[in-house]
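The values are calculated or read from the model by the stated rules, or taken from the named source; none is laboratory data. What you see is a predicted model, and the numbers here were worked out from it, not measured in a lab. Neighbour counts are summed over all protein chains in view; Cβ atoms, including those assigned to glycine, are modelled from backbone coordinates with ideal geometry.
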Amino acid sequence: MTWFWGHLGDVLDLAVQHIYLAGVPLILGLLIALPLGWLARRYRGLYPLLIMGTGLLYTIPSLALFILLPLLLGTHVLDPTNVVIAMTIYTVALLVRTVADGLGSVPDDVNQSATAMGYKRGRRFISIELPLAVPVISAGLRVAAVSNVSIVSVAALIGVAQLGSLFTDGFNRNFLEPIIVGVIACVLLALLFDVAILGVTRLATPWQRAGKAAS
Amino acid sequence: MINRILAWLTDGAHWQGDDGILRRLAEHLGYSLTALLIAALIAIPLGLYIGHTGRGRFLVVNLVGAARAIPSLGLLFLAVLWLGPKFSGDIAFLAPAGLVLVVLAIPPILSGAYAGVEGVEPDARDAAKGMGMRGPQVLRHVEIPCALPLIMSGIRSATLQVIATATIAAVVGLGGLGRFLIDGLAVRDTPQTASGAVLVAVLALIVDLLLALVQRSIVSRGLTGRYRTV
């Protein structure tokens, strides 16, 4: 444990970098997946196309994507932006289906009632469908968050600093402690993301507890 | 850059020999298939059993969630540093890396098999019992066929995971297509690195496509809605 206490500051810096590289793509990915998921629901013909297209993106192994993106984008290999974009692609790939299915989980009666009350399509989406789809979307977001935290660590192989750097560092020096610290820190981060998403979901779905409070 | 990648890929010399593309491709497929086979032999019976009996549900749900959070790169390095010294020769990195591939492939397959059986319509199960089927018969003739789509999707995500991790495992000395990426990065040979990345991405795409075709052919048309009465 001596190594850990001596390098606490470094580990925290790497953890902050890790949160940035895994967290920003989560938000960007959700923002991109929302309209795509809506399109997949609105135009049924697009559903298989969008699901398959994003599914194909998900099959690309992370190390390959980290290496190919800078060549396609013209960015520098060590630029963390590559990792953010790669993780955003994975997040979108996971979330488009979730968003489409989440919107599909909204009961038809509810949509019809909203329409009857005079909600136009856009407003109905924002204030009726989206809030009711939150539980399903949030479940998908939790999966994406945990897998992002794990995949980001691979970026250590191309030299982008985050908790995965502890793995390569420990391996190169034949020293277990940084690796163990890195694995534990990654799992804790995944847990942190999970708790954060659960918390936001709870705040966004007061109606889910309305019945329980009354009884 | 695209021209340089094409030039690298179309150079016949890069395809032949002990460190050629064909040999690396065979290694990559060999590791992945072996790991997936072992994982499937463990995870499918276990998942079916848990889904059928409902025993140990809690274990599966938590195991699968926790396994997803463990970074594969860290697990790989830990296994090689920890277990490597216990073996000699090539086995020193082959065995730990192979073990990690198997360990990573088990959770998705297990959760697919479990969730597939668990999610079978209770009506279908009741009907089978009403027809006089016993537990194992219900499992074989009703639950497994109905669970096939989820079993297959578990196998597909495990396959992608294994192909990706086998690529990374080149860093601990494993062969396979990952060698081109890792060696190319080490000597800053961009055409080789990028070509390796293209090869790995294409491999993953083709394997997933093949599994999708397998899924299409073995899943009953009564389930996929592609069944026509006329």
Checklist line | Of the criteria (1) within 20 Å of A:Ile126 (Cα to Cα); (2) free of Cβ contacts under 8 Å to residues at least 60 places away in the same chain; (3) buried (at least 20 other Cβ atoms within 10 Å of the Cβ); (4) among the β-branched types (Val, Ile, Thr), which one A:Val99 fails | finding: (2)
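For B:Ala124, indicate whether it is touching a residue at least 60 places away in the same chain (Cβ under 8 Å) and either within 9 Å of chain A (Cβ to nearest Cβ) or not polar (S, T, N, Q) (or both).
Working: touching a residue at least 60 places away in the same chain (Cβ under 8 Å): no; either within 9 Å of chain A (Cβ to nearest Cβ) or not polar (S, T, N, Q) (or both): yes.
The answer is no for B:Ala124.
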Next item on the list: Output the qualifying pairs, or none if there are none: Cβ atoms under 8 angstrom, residues six or more apart or on different chains, first residue in the stretch B:93-114 and more than 16 Å from B:Ala164 (Cα to Cα), second residue in a helix (DSSP H, G or I) and of a type in the set (S, T, N, Q).
Entry: B:Gly112/B:Ser153; B:Gly112/B:Ser157
Check: Among the numbered criteria (1) facing chain A (nearest Cβ under 9 Å); (2) surrounded by fewer than 24 Cβ atoms within 10 Å (Cβ to Cβ), which single criterion is violated by B:Val200?
Finding: (2)
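If a residue has to be within 9 Å of chain B (Cβ to nearest Cβ) and without any contact (Cβ under 8 Å) to a residue 24 or more places away in the chain to count, how many in the stretch A:75-86 make the cut?
0
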Note to self: Out of everything in the stretch B:1-53 that is of a type in the set (Ser, Thr, Tyr) and within 14 Å of chain A (Cβ to nearest Cβ), what residue ends up being surrounded by the fewest Cβ atoms within 10 Å (Cβ to Cβ)?
What the structure shows: B:Tyr31
Next item on the list: Look at B:Val219 and say whether it is among the β-branched types (Val, Ile, Thr), surrounded by fewer than 22 Cβ atoms within 10 Å (Cβ to Cβ) and farther than 22 Å from B:Asp11 by Cα.
Entry: yes
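B:Ser157: modelled with pLDDT under 95 and within 14 Å of chain A (Cβ to nearest Cβ), yes or no?
yes
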Check: List the pairs whose first member sits in the stretch B:58-73 and is in a loop (DSSP other than H, G, I, E, B), whose second member is at pLDDT 85 or above, and whose Cβ atoms are under 7 Å apart, counting only residues at least 6 apart or on separate chains?
Finding: B:Ile70/A:Ser150; B:Ile70/A:Val183; B:Ile70/A:Val187; B:Pro71/A:Ser150; B:Pro71/A:Ser153; B:Pro71/A:Gly164; B:Pro71/A:Val183; B:Pro71/A:Cys186
Check: Could you give every pair whose Cβ atoms fall below 6 Å, whose first residue belongs to the stretch B:188-210 and is hydroxyl-bearing (Ser, Thr, Tyr), and whose second residue is part of a helix (DSSP H, G or I), counting only separations of at least 6 or pairs across chains?
Finding: B:Thr193/A:Ile67; B:Thr193/B:Leu181; B:Thr193/B:Gly184; B:Thr193/B:Leu185; B:Ser195/B:Ile5; B:Ser195/B:Trp8; B:Ser195/B:Leu9
